[in-house]
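Asks: Shown below is the structure under consideration.
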Amino acid sequence: MTRLTEGDRAPDWEMSTDDGSVVSSASLSGRRYILYFYPKDDTPGCTTQACGIRDSWSRVTGTGIDLFGVSPDSVKSHAKFRAKYALPYPLLADEGHRVAEAFGVWIEKKFAGRTYFGNERTTFVVGPDGTIEHVLPQVKPAEHVDQLMGVLAA
C-alpha cells in the first residue's frame, strides 16, 4: 500500500497506550490529532525524535492538538521508554503493524546488508473530520519538531 497523503481519509484505528488504556480514531472524532510513526523504542534516532518533542512540549500543547507516538513495540516497551525519558505524551502500541500498514508506512528497509520491514518515520496531522491535513514523510529525528511546528502554525 502507498503512504496516505493530504486530503485522504484517515483509516479507523484502535491501539493500546503505554499505560494500557485504549485510544481510537473514534474516541478522537471531532478533534485534531497527530500520529507520528517511528521505528523502535529506545534507539538513537527514535530517542532524539521523542526527546525533541518532549523538550518542545509547551509549543506543541499551545496548538491545542493531541499527539501520539506509534511504533510496533509492546505496551511494556512503550511504558519503559516513556518513563526513561519522561515523555509527556502517550505512546501507542501497533503490535502486528496493522495501523502502520493502513497509513502506508510499514515498508521494506535495508541496513547492513539485511532486508526487513519496519515503520517509516512519518507524521500525520489528522483534522477533526478525520481527513489528513498534513504529512511529514521520512522526517529526520532532530528536525521533526521544527517541521511539525511549521505545519501546525500555517
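Please treat every number below as a calculation from the coordinates, not as lab data. Everything numeric here is computed off the predicted structure, so don't read it as measured data. Neighbour counts run over all protein chains shown; Cβ positions are idealised from the backbone, glycine included.
Asks: Taking a spot 7 Å from the Cα of ASP8 along the direction of its beta carbon, which residues of segment 119-144 have an amide N less than 16 Å from it?
Replies: Output list for this probe position: 119-127, 130-139.
Asks: Here is a follow-up. Counting DSSP beta bridges in segment 31-153, what percent are antiparallel, to the nearest 5?
Replies: Numbers: 15 of 23 bridges.
Roughly 65 percent of the DSSP beta bridges within segment 31-153 come out antiparallel.
Asks: Taking Rh as the Kirkwood radius computed over C-alpha pairs, what is the Stokes-Einstein D of segment 1-52 at 4 °C in a medium of viscosity 1.567 mPa s, expressed in µm² per second?
Replies: On the way: Rh = 13.4 Å.
Translational diffusion coefficient: 96 µm²/s.
Asks: For segment 128-138, take each phi angle, set θ = phi - 60°, evaluate the Karplus expression 6.51 cos²θ - 1.76 cosθ + 1.60, and give the result in whole Hz per residue in order, putting x for glycine and proline.
Replies: Result, ordered by residue: x, 8, x, 8, 6, 8, 9, 10, 10, x, 6 Hz.
Asks: Return the FRET efficiency for the residue pair ALA154, ARG114: r is the Cβ-Cβ distance, R0 is 35 Å, and the value is rounded to the nearest 0.05. Present the calculation step by step, with values, prior to reporting the outcome.
Replies: Details: r = 39 Å, r/R0 = 1.11.
After rounding to 0.05, the efficiency reads 0.35.
Asks: Please go through segment 63-135 and write out the GluC sites (Glu not before Pro) that DSSP classes as loop and that have at most 15 other C-beta atoms within 10 Å. Write down the numbers at each step before the final one.
Replies: On the way: sites: GLU95, GLU101, GLU108, GLU120, GLU133; in loops: GLU95, GLU120.
Those satisfying the criteria are GLU95.
Asks: Per-residue HN-Hα couplings for segment 109-115, Karplus 6.51 cos²θ - 1.76 cosθ + 1.60 at θ = phi - 60°, whole Hz, x for Gly and Pro?
Replies: With the stated coefficients, segment 109-115 comes to 10, 10, 8, 6, x, 10, 10 Hz.
Asks: Read phi for every residue in segment 43-50 and hand back ³J(HN,Hα) as whole Hz from Karplus 6.51 cos²θ - 1.76 cosθ + 1.60, θ = phi - 60°, with x for Gly and Pro.
Replies: Those phi angles translate into 9, x, x, 5, 5, 4, 5, 4 Hz.
Asks: Taking the inverse of the average 1/r across all pairs of different Cα atoms in segment 1-147, what Kirkwood radius in Å do you get?
Replies: Values: mean 1/r = 0.0655 Å⁻¹.
About 15.3 Å for segment 1-147.
Asks: Taking the number of other C-beta atoms within 10 Å as the exposure measure, put MET15, MET149 in order starting with the fewest. Could the numbers behind the result be given before it?
Replies: Values: MET15 20, MET149 15.
With the fewest neighbours first, MET15, MET149 line up as MET149, MET15.
Asks: Amide H neighbours of ASP73 under 5 Å, at least 5 residues apart or on other chains, H built in the peptide plane: list them.
Replies: ASP41, ASP94
Asks: Can you give the calculated 222 nm mean residue ellipticity of the chain, where each DSSP H run of n ≥ 4 adds -39,500 (n - 2.57) and the sum is split over every residue, rounded to the nearest 500 deg cm²/dmol?
Replies: Details: 5 runs with 43 residues, N = 154.
The per-residue figure over the chain is -7500 deg cm²/dmol.
Asks: Using amide H atoms built 1.01 Å from N in the peptide plane, name the residues 5+ places from HIS134, or on other chains, whose amide H lies under 5 Å from its own.
Replies: Amide H to amide H, under 5 Å and 5 or more residues apart or across chains, HIS134 pairs with VAL125.
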